[in-house]
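Following: one structure in structure tokens, then a few remarks.
The values are calculated or read from the model by the stated rules, or taken from the named source; none is laboratory data. Nothing here was measured: the structure is a model prediction, and the numbers come from that model. Note that we place each Cβ from the backbone using ideal geometry, even for glycine, and neighbour counts take in every protein chain shown. Accessible surface areas use protein heavy atoms only, side chains included; no ligands, DNA or RNA. Shrake-Rupley method; radii C 1.70, N 1.55, O 1.52, S 1.80 Å.
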2 protein chains.
Amino acid sequence: MALETVSANRSHGGTQGVYRHRSRETGTDMTFSVFVPDHADGARLPVLFYLSGLTCTHANVTEKGEFRRAAAEHGLIIVCPDTSPRGEGVPDDADGAYDFGLGAGFYCDATNAPFDRHYRMGSYVAHELPGLIADHFPVDRSRMGITGHSMGGHGALTLALKHPELFRSVSAFAPIVAPLQCPWGHKALAGYLGNDWQQAGRRYDACALIEDGARVPEILVDQGAADNFLEEQLRPQLLVDACAKAGIPLMLRMQPGYDHSYYFISTFMDDHIRWHAERLV
Amino acid sequence: MALETVSANRSHGGTQGVYRHRSRETGTDMTFSVFVPDHADGARLPVLFYLSGLTCTHANVTEKGEFRRAAAEHGLIIVCPDTSPRGEGVPDDADGAYDFGLGAGFYCDATNAPFDRHYRMGSYVAHELPGLIADHFPVDRSRMGITGHSMGGHGALTLALKHPELFRSVSAFAPIVAPLQCPWGHKALAGYLGNDWQQAGRRYDACALIEDGARVPEILVDQGAADNFLEEQLRPQLLVDACAKAGIPLMLRMQPGYDHSYYFISTFMDDHIRWHAERLV
């Protein structure tokens, strides 16, 4: 598959690139960033996918996530995709709201028209993007981890639970742990999945997936205790309960005073990079 | 003086705030950011001023500079001012160019109409802002350092050379070391200082200040070797020569492959934080 280099900058002893390609899943051009630490000739490095939250593109975490220093130290490639298809002909929220449509793909494969044509972020992140990355970067596909923030935390948890053979480690920052049980999730799953969303949505809800038998070896979650979205949208206690019942070790760290912003994400990024590096090396 | 809190976010074990006040120097509202690491009650911390480059506000480095982790580790307060006055009635470049007027105050006190009314970034950064910071934050004014990038590196070098009694340590990222000898500097100094700019501009040119007898104990400069502006605008060799002649120890580190962006700045930010912390403790 062809890959266009949008930009490449030396940073923290590696190369921070931004790339664009034509996606067969979304039927659109997709832009993403990849950080590759310097490495020995012929080496294949483990890779961590970072999924962003509502309203973001690849750029937010690439500029503000502060992941490169630790990634270079641990020899980890970091891949940051966009949060939805974009471009002419891609349908958006009817009111242009921030929590559905553009910038809000929820890492699912839509089945409801008109969204089913382009909104295939689930298959894009799980299959197409890792294949593309393996074709163009020195990654070891047997050592892939996944993390993300908010909607992207939801994406990381659900994709790891559905594909434990693809993603060997999973963590999240302030994830939406149960879209079926919060307003953001209701709106997204109903919009993308249609009338059957409450049943079909169980494949896109970390807590429901665990209830239905999906398993991962362990989960790290950081959550700001001063996060405005904590009680209505994120509801980490639901994940605590689901993991406890299923016997999945969950390390949930409530961080006093921290909110939902990149000031929070960047603070704990080092810990997540190390967590994944230890499990992918 | 009154200070309005625009935002405050917990980050890296401290508070990243953005504040606004009415400046007596510029006659406008001025916005700046301050990071305060957690500290013992009653402690007074050293402070590092970071001056930004052309087109920036306080926000660029605050979001992309990656300075908080090291600042918290070393117990250093970081203050990031804007690069010019802004608002109704503040004159801009006649053609709206990026390298003069708004976002391009060059850390001087303009004497040429109509810029002399508001463009007083030299006195603002050297005097008004440190006083304001001392009134509102737990800083030790006897332990202040200064750094900056590009135009802000010029600001840091010239302010430290003119006020060694105020700034005890100085470093810069890819600084304009001799505005009198580059196109950006010609335009800015002529515009802000008027007909006499070549003579008056010697107070706003690090190399000229050193030639004219100004001294600092030592200087750290990082410079990307792949910086597009290296040869025409930045010209680090002029600073090397001036420092050699004056006997000022200059540690100039040419960094292979690095450009002029925040990807470069953030890579070497840790080293600069540590450099200042060692000299301010």
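With respect to the conditions (1) open to solvent by 10 Å² or more (accessible area, probe 1.4 Å); (2) among the hydrophobic types (A, V, I, L, M, F, W, C); (3) out of contact with any strand residue (DSSP E or B) (no Cβ under 8 Å at 6 or more places or on another chain); (4) within 14 Å of chain A (Cβ to nearest Cβ), residue B:70 falls short on a single one, namely (1). For the range A:254-281, the set of residues classified as closer than 26 Å to residue A:186 by Cα and away from chain B (no Cβ under 14 Å) is empty.
On the given criteria, is residue A:13 within 14 Å of chain B (Cβ to nearest Cβ) and farther than 21 Å from residue A:135 by Cα? So residue A:13 fits the description; yes.
If I ask for residues that are among the small types (Gly, Ala, Ser) and either in contact with an Asp or Glu (Cβ under 6 Å, 6 or more places away or on another chain) or assigned to a helix (DSSP H, G or I) (or both), which ones from the range B:120-175 would you list? Before you say what the answer is, go through the steps one by one.
Here is the first cut: in the range B:120-175, the ones among the small types (Gly, Ala, Ser) are B:122-123, B:126, B:131, B:134, B:142, B:145, B:148, B:150, B:152-153, B:155-156, B:160, B:169, B:171-172, B:174.
Scanning the range B:120-175 gives B:122, B:123, B:126, B:131, B:134, B:152, B:153, B:155, B:156, B:160, B:174.
When the range B:219-232 is filtered for residues that are more than 13 Å from every other protein chain (Cβ to nearest Cβ) and open to solvent by 20 Å² or more (accessible area, probe 1.4 Å), the ones remaining, listed by number, are B:229, B:230, B:231, B:232.
Under the condition of being surrounded by 15 or more Cβ atoms within 10 Å (Cβ to Cβ) and assigned to a loop (DSSP other than H, G, I, E, B), the residues counted in the range A:83-104 number 12.
Within the range A:177-196, not a single residue is in a helix (DSSP H, G or I) and within 14 Å of chain B (Cβ to nearest Cβ).
Is it fair to say residue A:18 is surrounded by 17 or more Cβ atoms within 10 Å (Cβ to Cβ) and either within 14 Å of chain B (Cβ to nearest Cβ) or in contact with a helix residue (DSSP H, G or I) (Cβ under 7 Å, 6 or more places away or on another chain) (or both)? Answer is yes for this residue.
The selection criterion, being within 13 Å of another protein chain (Cβ to nearest Cβ) and farther than 16 Å from residue A:265 by Cα, does not hold for residue A:23. Taking every residue in the range A:128-143 that is without any contact (Cβ under 8 Å) to a residue 60 or more places away in the chain and of a type in the set (A, V, I, L, M, F, W, C) and pairing it with any residue that is open to solvent by 50 Å² or more (accessible area, probe 1.4 Å) and in a strand (DSSP E or B), at least 6 positions away or on another chain, the pairs with Cβ-Cβ distances below 9 Å are A:134/A:141. Kindly list, by first and then second residue, each pair from a residue in the range B:260-281 that is within 15 Å of residue A:65 (Cα to Cα) to a residue that is in a helix (DSSP H, G or I) and open to solvent by 10 Å² or more (accessible area, probe 1.4 Å), limited to pairs with Cβ atoms under 7 Å and residues at least 6 apart or on different chains. Taking only residues 6 or more apart or on different chains, the pairs are B:262/B:60; B:262/B:64; B:266/B:64. Taking the criterion of being charged (D, E, K, R), within 24 Å of residue B:155 (Cβ to Cβ) and touching a strand residue (DSSP E or B) at 6+ places or on another chain (Cβ under 7 Å), the residues of the range B:8-51 that qualify are B:20, B:22, B:25, B:29.
How about the range B:170-214: which of its residues are among the acidic types (Asp, Glu) and open to solvent by 20 Å² or more (accessible area, probe 1.4 Å)? Full working, then the answer.
First, the residues of the range B:170-214 that are among the acidic types (Asp, Glu): B:196, B:205, B:211-212.
The answer is B:196, B:211, B:212.
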